[in-house]
Amino acid sequence: MVPGGPTGARTWYWLRQEHGSVVRVVEAERPQSGQAGDALVSAEPSACLAILTADCASIALGSPEGVYAAVHAGWRGLAAGVVEAAASVMRALGATAVVGALGPCIHAECYAFSEPELRSVADRYGDQVRGLTSHGHPALDLPASVAAALAGADITAAPGVDGCTACVGRYFSHRARRDTGRQALVVWRDGP
């Protein structure tokens, strides 16, 4: 637990991420920490939602109604619709206008990709997700993929962190350096 605003202590929740589209809802009576999934959604004022990444995209989502989410989106999760699934659960909990911001993730210049896997993401979001590595090989443009997923789920994109985990040394990258550490994206509701 960590100190929180006027409501007192906050409880942290996290998932055992599986690169899919499972969304877990954090409710006051049902802690979900450590369960399998790739997105956490809550409207609880006392919860902190955490997602860990080393190259995959972390996405913070929020709404004026106080419904919020933390999403882990690798290529498999994007192809499976994890962003859209999280937005759908948020709307079921009362969110109307959803806003999303991207955390640091690997960029196309460092993300060589095989054609079958690249096609699975492009089939869902279009050819704008295709890129090239700095050596001219086919690549997945993960930020463009997230932008397409946000647009497809009617989520307004907000400024996030535009840093490549492989290129920028202050971020962990499993793909570039086999780092075992992870970035944490933490999302909470400010106020009651």
What residue among 169, 131, 74 shows peak mean-square fluctuation when the chain is described by a Gaussian network model with Cα springs under 10 Å?
169
Those GluC sites (Glu not before Pro) in segment 31-126 that DSSP places in a loop and that have at most 16 other beta carbons within 10 Å:
65
For a paramagnetic label modelled at 7 Å from the Cα of residue 168 toward its Cβ, which residues of segment 91-128 fall within the zone defined by backbone nitrogen distances under 12 Å?
102-107
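Quick one: compute the contact order of the chain, relative version, from alpha carbon pairs under 8 angstrom and 6+ residues apart, as a percent.
24
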In whole Hz, what ³J(HN,Hα) sequence does segment 50-60 give by Karplus (6.51, -1.76, 1.60; θ = phi - 60°), x for Gly and Pro?
10, 10, 10, 9, 10, 7, 5, 7, 10, 10, 9
Suppose we keep just the DSSP beta bridges with both residues in segment 46-156; what percent of those would be antiparallel, to 5?
90
How large is the helix-only mean residue ellipticity at 222 nm for the chain, computed as the sum of -39500 (n - 2.57) over DSSP H runs with n ≥ 4, divided by its residue count, in deg cm²/dmol to the nearest 500?
-6000 deg cm²/dmol
Relative contact order computed over segment 102-192 (Cα-Cα under 8 Å; 6+ residues apart), in percent:
31
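How high is the relative contact order of segment 47-134, given as a whole-number percent (alpha carbon pairs under 8 Å, six or more residues apart)?
On the way: 116 pairs, mean separation 26.7, N = 88.
Result for segment 47-134 is 30 percent.
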Say each of residue 161 and residue 132 gets a label point 7 Å from the Cα, pointing the same way as Cα to Cβ; how far apart are those two points in nm?
3.0
Around residue 59, what is the net charge, scoring Lys/Arg as +1 and Asp/Glu as -1 over all other residues with Cβ under 12 Å from its Cβ?
-2
How about the chain: what cysteines have no other cysteine beta carbon under 4.7 Å from their own?
48, 56, 105, 110
Apply the Karplus parameterisation 6.51 cos²θ - 1.76 cosθ + 1.60, with θ equal to phi minus 60°, to every residue of segment 10-18 and state each ³J(HN,Hα) to the nearest whole Hz, in sequence, with x for glycine and proline.
10, 9, 8, 10, 8, 10, 8, 6, 10
Net charge contributed by nearby residues that have their C-beta within less than 15 Å of residue 140 (K/R +1, D/E -1):
-2
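Taking only protein heavy atoms and a 1.4 Å probe, what accessible area per residue, in Å², does segment 46-174 have with all protein chains in place?
For segment 46-174, the per-residue accessible area is 39 Å².
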Taking only C-alpha positions in segment 104-171, Rg and Dmax in angstrom work out to 12.2, 35
Listed by chain and number, the residues whose amide H is under 5 Å from that of residue 173, excluding neighbours fewer than 5 places away on the same chain and using placed H, are 179
Residues whose modelled amide H sits under 5 Å from the amide H of residue 165, counting only those 5 or more places away in sequence or on another chain, are 105, 106, 107
Among 119, 91, 177, whose mean-square fluctuation peaks in a Gaussian network model of the chain (Cα, cutoff 10 Å)?
177
Counting only DSSP beta bridges with both residues in the chain, tell me the antiparallel percent, nearest 5.
65
Between the alpha-carbon centers of segment 16-84 and segment 114-192, tell me the distance in whole angstrom.
16
Dipole magnitude of the chain about its Cα centre (Cβ charges: Lys, Arg +1; Asp, Glu -1), debye to nearest 20:
420
With the radius of gyration and the Kirkwood radius both derived from the Cα set of the chain, what is their ratio Rg to Rh?
0.98
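The values are calculated or read from the model by the stated rules, or taken from the named source; none is laboratory data. Since this is a predicted model, take the numbers as computed values, not measurements. Don't worry about glycine lacking a Cβ; one is built from the backbone with ideal geometry, like all the others, and counts go over all protein chains shown. What goes into the accessible areas is simple: the full protein's heavy atoms, side chains included, and nothing from ligands, DNA or RNA. Shrake-Rupley method; radii C 1.70, N 1.55, O 1.52, S 1.80 Å.
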